[in-house]
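The values are calculated or read from the model by the stated rules, or taken from the named source; none is laboratory data. Please read these numbers as outputs of a predicted model, since none were measured by experiment. Reconstructed Cβ throughout: ideal geometry from the backbone, glycine too, with neighbour counts over all protein chains shown.
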Amino acid sequence: MLVDLFALLKKNLLLIVVILILLFFMPVIIIQVLYWVGSIVSHPIKVDFQPSDILSYWGAFIVATGTVSLGILALYQNHILQKQAEKAQKKIEELEINKTKPILSLSLGIRFGQFSNPHFNLRNKGLGTAYDIKLSDIQDFNDNNYTHIPFQKIEFEQLYAQEKKEIKCEHKGSNNETKWHIGVVIVYTDIHDSIRQAIFHYYWITDENKRVVLERKVENINDI
């Protein structure tokens, strides 16, 4: 409600100034006109304002205006300070969340002759513990140029910061293939129950001596 009030005052500043001017002069003009009318016709009010009366009125009006203005200024300053405090608190909360956010990374390890049965190193590179970790195969891979190696579904209860686990993947396909692909999606939560998802695609090629000559990695990590 306070924010709406300040927005209204800012939007109608010119109108407010005009109203203040009218409030200052209109009472004097109305009363003075009545006095003038009383001096011309038969009227009970026949006395003009004295200079001291006008000065007293101006003084009272200025004091009242100053009091109201100080009150509005105090409210506005409190509003600004509150917004700054909320912004600072939000930054502190974001820093605390980042300090406890896990970041899971999946690195592919292929040794000589193991191109169809790769192993992975799942590592938590973040500073917080990851919970309810689920690794599963990406089912919608349709690139016929690569032989897709299915990834068996694996679950971990938790993975501490900087902790690493080795995962082996077994494939019973033909060893005559030379282009390989494996896709893994990882879903996990942090200490704040925020759900994160990491998607990894690995592509590699082997030569006639079964040595890995090319490896490409596509990675995407985001909150869901």
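Worth a mention:
- Residue check, residue 118 of a type outside the set (S, T, N, Q) and either modelled with pLDDT of 80 or more or under 30 Å from residue 151 (Cα atoms) (or both): yes
- In the range 62-80, the residues that are under 14 Å from residue 20 (Cβ atoms) and either polar (S, T, N, Q) or not assigned by TED's automatic domain parsing to the domain that holds residue 21 (or both): 65, 67, 69
- Of 153, 164, 134, all but one fail to be under 32 Å from the mean Cα position of the chain (by Cα) and either more than 19 Å from residue 201 (Cα to Cα) or free of Cβ contacts under 8 Å to residues at least 24 places away in the same chain (or both); the exception is 164.
- Residue check, residue 158 in contact with a strand residue (DSSP E or B) (Cβ under 7 Å, 6 or more places away or on another chain), at pLDDT 80 or above and among the polar types (S, T, N, Q): yes
- From the list 166, 94, 86, 157, the lone residue that is surrounded by fewer than 13 Cβ atoms within 10 Å (Cβ to Cβ), part of a strand (DSSP E or B) and out of contact with any Asp or Glu (no Cβ under 9 Å at 6 or more places or on another chain) is 166.
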